[in-house]
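For reference, the structure discussed in these notes is given below.
Please treat every number below as a calculation from the coordinates, not as lab data. Fair warning: this is a prediction, and the values are worked out from it, not measured in the lab. When we count neighbours, we look across all protein chains shown, and the Cβ atoms used for this are built from the backbone with ideal geometry, even at glycine.
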Amino acid sequence: MIRRIFLPALAASAYAAPAGYRIQLDTIRKGYDGKTCWVHPRAGAIPGKTPSIVLTMSPLDVSGSDIFEAIADMRTDDLGRKWTEPAQHRSTLERRAEPGGVTSVICDFYPKWHAKTRKLLGVGHTARYRDGKVMAERRRETAYSIYDPAARAWSPWVTMAMPAGPKFENAGAGSVQRVDAADGSILLPVYFKEPASKAYSVTVLRCRFDGRALAYETHGNELRLASERGFVEPSLARFDGRYFLSLRNDSDGYAASSPDGLRFDEPRPLRFDDGSSLGNYNTQTHWVTHANALFLVYTRKGANNDHVFRHRAPLFIAHFDPAKMAVIRRTERIAVPERGARLGNFGVVNVNERETWITTAEWMQTWGPNFVMPRDNKYGSDNSVYAARLIWDTPNRGWDSY
């Protein structure tokens, strides 16, 4: 049974919100055996009179770090009243054996409808394991798969070729939001590094997709930060004729803007509109786009959440001021409350002109040394998979072009 609650808005303020909404929080499924949990739940919407929503997610072995198996999916054809049970796609999205005792898998997957070809295209990247652990030095590629709605199946995952040379030997589009153009071209952010480098850089690729294969065409300027691991997990949005890119860094979240989606200005740390730090760090952020407003979804410190790993819960949403490149503090709301488990690996999907969904799951690992959350933890988290449904006061015109 789907459990639904409505989350209250904050007290009224002087800010005139250009796009009002209410939040309906659905618990799609729950249950945890103490050994594995579902992570990375992200949805793609197949347009129709009633859209079909396909939610993909990966099973995680909680005894290790980022130990993923074959991607699974759930599907609803009635806007979430009924969901199928998780089904793993072992024949097409499973791990693959490679020489030297290495296995690889597609992960950090993000499905999105490609309007030009009328295909649900899921894009992620590869992880490689040896002796049951993620390899410290490894090749990494952008990987993708295409969904067949009639067969309810994904095509065997393949990787996208990149320009030769060391620059893109470790490059992929894990957990990123992309933007599709009317001509079918795709603006796909990736993060990358040369084998000897410690810090990742970010760029946006322009790709070609014909309904069968995803191909690199060119890329924009390269955004770098000589601090810790640099920039990772970028997400891209288009709003009001400009493009906005969010970036993860170990110490701070960042954002940059661009007139064309390829050439970005200097990234700046994420701040509230009063100049104070947002408090987001070492965790991805994603965008919500409405025809009338741009929003950022994020996690942060300072919310009585020191017990949550990297402060990755609750999930917040707030209006983002594109002129000031700042989060409007007084519009902040909780999209998904915290119950001790992290929620920071999530996704956003425009379902139709009336609804946008934020999907996430309780990731059942916490601060060490005993990082595995027990089944009977005091917070009550149980690997619940959530859809926070933003129900718009005014129609989101052109929702399928963002």
| query | From the phi of every residue in the range 163-169, what ³J(HN,Hα) in whole Hz does the Karplus formula 6.51 cos²θ - 1.76 cosθ + 1.60 yield, where θ is phi - 60° and glycine or proline is x? | reply | x, 5, x, x, 4, 10, 5
| query | Among 135, 162, what is the fewest-to-most ranking by other Cβ atoms within 10 Å? | reply | 135, 162
| request: Taking H placed 1.01 Å from N in the peptide plane, check which residues at least 5 places from residue 161 or on another chain put their amide H under 5 Å from its amide H. | output: 216
| note | A correct Karplus calculation of ³J(HN,Hα) over the range 279-284, with 6.51 cos²θ - 1.76 cosθ + 1.60, θ = phi - 60°, whole Hz and x for Gly and Pro, returns x, 7, 7, 6, 8, 5
| said: Given points 7 Å out from each Cα along the Cα-Cβ axis, report the residue 196 to residue 136 separation in nanometres with one decimal. | reply: 1.8 nm
| message | If you filter the range 135-185 for GluC sites (Glu not before Pro), then keep DSSP loop positions with at most 13 other Cβ within 10 Å, what is left? | response | 137
| remark: By Cβ neighbour count within 10 Å, fewest first, 209, 109 rank 209, 109
| query | Counting other Cβ atoms within 10 Å, which trypsin sites (Lys or Arg not before Pro) in the range 318-364 have at most 13 and lie in a DSSP loop? | reply | 324
| Can you list the residues, at least 5 places off or on another chain, whose amide H is less than 5 Å from the amide H of residue 344, using H built in the peptide plane? | none
| said: For residue 120, what residues show an amide H to amide H distance below 5 Å, using hydrogens built from the backbone and excluding near sequence neighbours? | reply: 114, 147
| task | May I ask you to evaluate 6.51 cos²θ - 1.76 cosθ + 1.60, the Karplus curve with θ = phi - 60°, for each residue of the range 215-227 and list the ³J(HN,Hα) values in order in whole Hz, giving x for glycine and proline? | result | 9, 5, 10, 7, 9, x, 5, 9, 9, 10, 9, 7, 8
| query | By its C-alpha gyration tensor, with a ≥ b ≥ c as the square roots of the eigenvalues, how is the range 111-229 shaped: rounded for a/c under 1.5, else prolate for a/b larger than b/c, else oblate? | reply | oblate
| task | Please order 336, 158 by the number of other Cβ within 10 Å, starting at the fewest. | result | 158, 336
| task | At most 14 other Cβ atoms within 10 Å and a DSSP loop assignment: could you name the trypsin sites (Lys or Arg not before Pro) in the range 128-160 that fit? | result | 152
| note | At the level of C-alpha centres, the distance separating the range 91-146 and the range 253-325, in angstrom, is 27 Å
